[in-house]
1. Cross-link candidates for Lys60: which lysines have Cα within less than 18 Å, leaving aside residues fewer than 8 places away along the same chain?
2. Leaving out ligands and nucleic acids, and using a 1.4 Å probe, what accessible area per residue does the chain come to in Å²?
3. Given a 1.4 Å probe and heavy atoms of the protein chains only, how would you sort Leu98, Leu90, largest accessible area at the top?
4. In whole percent, what relative contact order does the chain give with Cα contacts below 8 Å and a gap of six or more residues?
5. Compute, for Glu82, the solvent-accessible surface of its heavy atoms (probe 1.4 Å) with the complete set of protein chains present, and express it in square angstrom to the nearest 10.
6. Determine the order of Lys119, Lys60, Lys73, Lys6 by accessible area, beginning with the largest, at a probe radius of 1.4 Å.
7. Check which residues have an amide H placed less than 5 Å from Arg96's amide H, if you skip close sequence neighbours.
8. Assuming 0.36 nm per residue, please report the length gained on full extension of the stretch Phe19 to Phe2 beyond their Cα-Cα distance.
Amino acid sequence: MFNEHKAAVRALCWSPFNFGTLYSGGGNNDKTIKVWNINNSSSIHTIQTDSQVCNITFCKHYNEFVTTHGFSKNQIMVWNAERRERISVLDGHNTRVLHLALSPDSQSIATASGDETLKFWLIFPKEQMPNKTGSLLSLDSLQDFR
């Protein structure tokens, strides 16, 4: 049984790069991402996010994932899965980012919020190659299509 979260589990996503690895995101009284090895029923790592996790999705081409958040920061965060480090933080919604969808080409995401907005973000552009740290993303590559 996996019972380490201290609030409702609001997000789940399998890693496409590590067989049997599941990511889960906790609610407002938890504010963590837990990484699980379901093959041996163990917790691998806990990532502090400082706000409730609403969604998690992986990029299909790079070992990076995106999370959306609610109370209290209402942000979108991009993470390096291997190092379990936050790469970038995107602001743009005024309330909890409730929904996240990855485009079929895995380059863009769409987010929807309780502020009644839908936003499109170019997160993983194909023409950009990973940098020396193994991360695809740089702050200069982020775009908010308004």
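1. Reachable lysines: Lys126.
2. 52
3. Result, largest first: Leu98, Leu90.
4. Reported relative contact order: 14 percent.
5. 140
6. Final ranking, largest accessible area leading: Lys6, Lys60, Lys73, Lys119.
7. Under 5 Å from the amide H of Arg96: Gly114.
8. Roughly 4.4 nm would be gained on extension.
The values are calculated or read from the model by the stated rules, or taken from the named source; none is laboratory data. Keep in mind that this is a model prediction, so the values were computed, not measured. Neighbour counts are summed over all protein chains in view; Cβ atoms, including those assigned to glycine, are modelled from backbone coordinates with ideal geometry. In case anyone asks, the SASA skips ligands and DNA or RNA and just uses the protein heavy atoms, side chains included. Shrake-Rupley method; radii C 1.70, N 1.55, O 1.52, S 1.80 Å.
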